[in-house]
1. Share of antiparallel DSSP beta bridges in the protein assembly as shown, in percent to the nearest 5?
2. Provide the packing ranking of B:75-82, A:19-26, i.e. peptides ordered by the mean count of other C-beta atoms within 10 Å per residue, highest first.
3. Using only C-alpha atoms and all pairs of different ones, pull out the Kirkwood radius for chain B in Å with one decimal.
4. If I take R0 = 35 Å and measure r between the Cβ atoms of A:Asp440 and A:Ser191 in this structure, what FRET efficiency does the formula 1/(1 + (r/R0)^6) give, to the nearest 0.05?
5. Using a simple spin-label model with points 7 Å from Cα along the Cα→Cβ vector, what separation in nm is obtained for B:Glu481 and B:Ser500?
6. How much space per residue, in cubic angstrom, does the convex hull of the C-alpha atoms of the stretch B:98-257 take up?
7. Highest mean first, how do B:155-161, B:132-138 rank when packing is the count of other Cβ atoms within 10 Å averaged over residues?
8. Any idea how far apart B:Lys126 and A:Arg15 come out in nm if each label point goes 7 Å out from Cα toward Cβ?
There are 2 protein chains.
Amino acid sequence: MALPQPIQNYRKQYRKIKLFQDISSVLHWDSEVMMPEEGREYRSSQIAAVAELTHEWMTDKSFLKQIQDAKHSIQELPEPERVLWNRELEILMEEKEKADKLPSEFVAEFAKLTNLAHAEWAEAKKEKNFKLFSNRLEELVNLSKKQADYFGYTTEPYDALLDHYEKDAKANQIQSLFSDLKKSLIPIVASAPKFENPFPKAISVEKQTKFCNRLPSILGLTSKESRLDTSNHPFSTSLGKGDKRITTRYSESDPLSSIFGVLHETGHSLYESGLSQMPDWPNPLTEYLSLGIHESQSRLWENQVGRSLPFWEFMYPILLNDFEISESELPFKRLYKYINSTEKTKIRVEADQVTYNLHIILRFEIERDLINGKIKVKDLPEIWNSKMKESFGLTIENDAEGVLQDIHWPMGAFGYFPTYTLGNIFGAQFFRKFKEEYPDSHNKFSAKGDFSDLLSWLRKNIHSKGKIVSIENLVLEATGEPANAKYLISYLEDKVKEVSILN
Amino acid sequence: MALPQPIQNYRKQYRKIKLFQDISSVLHWDSEVMMPEEGREYRSSQIAAVAELTHEWMTDKSFLKQIQDAKHSIQELPEPERVLWNRELEILMEEKEKADKLPSEFVAEFAKLTNLAHAEWAEAKKEKNFKLFSNRLEELVNLSKKQADYFGYTTEPYDALLDHYEKDAKANQIQSLFSDLKKSLIPIVASAPKFENPFPKAISVEKQTKFCNRLPSILGLTSKESRLDTSNHPFSTSLGKGDKRITTRYSESDPLSSIFGVLHETGHSLYESGLSQMPDWPNPLTEYLSLGIHESQSRLWENQVGRSLPFWEFMYPILLNDFEISESELPFKRLYKYINSTEKTKIRVEADQVTYNLHIILRFEIERDLINGKIKVKDLPEIWNSKMKESFGLTIENDAEGVLQDIHWPMGAFGYFPTYTLGNIFGAQFFRKFKEEYPDSHNKFSAKGDFSDLLSWLRKNIHSKGKIVSIENLVLEATGEPANAKYLISYLEDKVKEVSILN
């Protein structure tokens, strides 16, 4: 049926806002991947100006009026349209009310500061010196606290920021979930074997790029709608319909770094690509549901698929060919074991899937205390280093391999980290359910590199749902039970067993 | 002295407009150089939305009020500030009055259509079939006629479009200038020798890229403020302070194609980089003066410098090294002669400097008739082909090498072509004057690859002038006489003589 006029009216304004938010993504992508360094200051002003503008539009009274008119106009319509449009307008109003709480100048200041902070963080990291960045980080922490105050909270400021990334999540619940997870992880980590890098020689960036460029389309993301580039920190971003961007980074001595970067980011982009195939895209229901759900998509492709035997049975000959090495130089089992090697290391983005969540738990505890005012920015290196000693038994030699390693805090993204572990939990649960429904899928994976059943399952159960249902209901409807960590735990236990007995 | 408050107020709004116009340049650059093909439609909407928005801001009544207030406030100030600010406000008002003449919807439609047309033109060109593009081109011609009507004109519609690129230029004067030029060119073309491609083998894109990447910084444009990429049609664009982008394209059999693409576009970017070094950038006086002046900067570096003996005396050993070929495989004289070879060919962008202006004259005559309604879009291939026969003695085999070869009409840029020849005229005149003032410059060029005297001369006489003076006065002040074609003619005559007697 045709859209009621008031729905059309409000959506026109919504789409204009979305159009400019996506313009901001272009500006960001370019600044991370392409821009010459002297462009940064001006680019920061541009990003800030777009943020200010979209925020103005979002908080404009005439937009509120349009939303109210739309809400009013649909009350007499029949189900199911009414229910869906009600949900759409509710979701939008939530977002809008959040925007209303932030003054435009605050939004512009935040956007500009975080963009400027990027270069300073990169410099401090290069110099391995936290002090070069601590003043700016303090500004960002203070702004984030201010943001938490603007949003409001019941129990603690950190909840306000967390909710921004994972709706209705609470630090208390996360803390208790993470404590249980940590307990289960400790024996798994202790029993998990470490395997040596089996690559017989350095693999050039050119050869790795050749192989990496194949991966997105094998998983289901074509080159007509995506591209792969290089950046310091791998990321993915949707620049609009038909335009998903992925980045990775290359290590000649360890090609897994680039490969797993691509698999991870492709998972994100496949989700975004599914969202933009929803009918009536873009509208408030065609946005990603939460960062945890987003991360479940990247983790599932990276770990459950990308570290699996069937996947490598298919990819192995292609990799040998692209890397121009022989089977005897790189025996399959040695490669496969290395892919599933476990080792306590210092760098989160290079961590294996078993120890990874311990990195997140550490960050969650620190940032929670930081935002709640229990610790100070200047003490961060000391706190970080002592926690690394405690959880990993490792001695941090300098800030680049410690507190300065991640991009999130310089981005002003406090409350973001826990969503990585939530993503691991969701992803394992989704994949387990998929395997139940498609018990033969591994044969298609290994024999033909055909992942279409999995992609269809994800499209149907996750991607096509957008924001139509809550996080809770999405997991329940897709898997038949509430979200819980047991599938992640059993996946990791099984994996460790599998590779331990492999000779 | 401090800026008067009303000047500050209006400039704040001006800078916001400029910020978003430069955002549009980012969107354009990305869409030509990076974007996956399925992103085009959405990107077109973004570009259109930004065009509509900046046009709204430009034509907003409150902006007019700010300009008027600023104008009023400076009347009692002492010279020279008053004169400069008066000029600044005048220039802005001219631009604003032009914008006022175009309805916002027209601007958005034009932006969207030209962005869509790009892909269709590329497809038609690939298929070598004008008919695939003729309907869209007709729309663009009609929109451009409408634009001419909005702008208004005294003698003919084409003047309105021409004025948009080259202020105060008139088709009648251009016609008479071009007729004289053509007469002088015919005997030069007739006597100019053709030399064969001396490259002993294909040179890989990788090797060419290595060489090409050196060129901008040798000329004075560092990699901190610029980058070089590949696109179908070489272009350059300024994305803001400290961020100039250049593109070229590669032919393995003829490396001159990429090299001269880079030299040309670097010339443009050096001008833009000089403009953004003007005090109080950005303001209406720090914009480029005209397309003809812009082109003079690219032509001067491409031809007067890039095809000169001193330049190649310096670059030759570097080229041999990067291309991994020996002196005996590519003797200097054969290379140098080929760089200055003359031949009547079909493709403008590959034309030599002697025949180049004949290509422009042909396009000028056609587009003038098209906009003035004397010829029809559907007849374009026939008209094109018969003119090519007449002026060049060449038979066009298909539309890709004929009427579809250029990007300008698909961009809706009618009235643009003549500025190329104006640029050649200005460029030759500027360089002649520079050589008079720095008679020893060629020694620095050839011995050290040091082009700083020339860049300083251009910075002082052209770049730092922005829009402070008129085109007429710029040429007069820089060279001591009005613009005229005799230096271009004598430059070409000398060049043809030089290479004719070289063995």
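Values quoted throughout were computed directly from the atomic coordinates according to the rules given, and no laboratory measurement underlies them. As the structure is a computational prediction, the values presented were derived from the model and not from experiment. Counting neighbours? That spans all protein chains shown, and the Cβs are built from the backbone with ideal geometry, glycine included.
1. Among the beta bridges of the protein assembly as shown, antiparallel pairing accounts for roughly 40 percent.
2. Working: B:75-82: 10.2, A:19-26: 21.0.
For the peptides B:75-82, A:19-26, the packing ranking is A:19-26, B:75-82.
3. On the way: mean 1/r = 0.0418 Å⁻¹.
Value: 23.9 Å, from the Cα pair sum.
4. On the way: r = 31 Å, r/R0 = 0.88.
Efficiency computed from Cβ-Cβ geometry: 0.70.
5. Computed distance between label sites B:Glu481 and B:Ser500 equals 2.3 nm.
6. On the way: hull volume 33.5 nm³, N = 160.
That works out to 209 Å³ per residue.
7. Numbers: B:155-161: 21.6, B:132-138: 18.1.
In descending order of packing, they fall as B:155-161, B:132-138.
8. Inter-label distance under the simple model: 2.7 nm.
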